[in-house]
Amino acid sequence: MDLDELRRQHAEIGLTARALERAVAEEYQPEGVARLRWQLARQLLTHVALEDRIFYPTLKRSPEASTRDHATAMERELGALGDRFRAYMTDWSDTRIGREWPAFCVETRLILNMLMERVGREDRLFDTLSQRRGIGRSPTARSA
């Protein structure tokens, strides 16, 4: 399992999240908010698909019960967070965002905090797995 792609995706998600966070710090709705929201949604869809297809199934086949249990719990939590993000995307149309900018900003900061906290926990898990099993590193990194 090569974790480099998941880490790269985390970095992209973080950049987009920070740009959206800066946008909702503005008093008035800046241009580009819709683009940033949909960019983040696409990045998350791609990332979650990779985790669902490769990362969590691999962890759930671990010989260690604690790893399997941890993977199951993280996967379940990811599902709940995904539901919350989908509701956020559905509930906030461009028209509603324009009408209720301050409320949108509060909700956006909340969802971004949840997402970035999750990304941070996954990064720590990737680091632990890499150190413990030597996985997630490219062949070049292993030979160095």
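The values are calculated or read from the model by the stated rules, or taken from the named source; none is laboratory data. Quick caveat: nothing in here was measured; it's all calculated off a predicted structure. Ideal geometry is used to build each Cβ from the backbone, glycine not excepted, and the neighbour counts take in all protein chains shown. Quick note on the areas: whole protein, heavy atoms, side chains included, nothing else; ligands and nucleic acids left out. Shrake-Rupley method; radii C 1.70, N 1.55, O 1.52, S 1.80 Å.
The numbered conditions (1) within 26 Å of residue 131 (Cβ to Cβ); (2) surrounded by fewer than 19 Cβ atoms within 10 Å (Cβ to Cβ) are all true for residue 13 except (2). Does residue 6 meet the test of being assigned to a helix (DSSP H, G or I) and open to solvent by 40 Å² or more (accessible area, probe 1.4 Å)? Spelling it out, it is not the case that residue 6 is assigned to a helix (DSSP H, G or I) and open to solvent by 40 Å² or more (accessible area, probe 1.4 Å). For segment 94-119, the tally of residues that are open to solvent by 20 Å² or more (accessible area, probe 1.4 Å) and either modelled with pLDDT of 95 or more or farther than 20 Å from residue 43 by Cα (or both) stands at 15.
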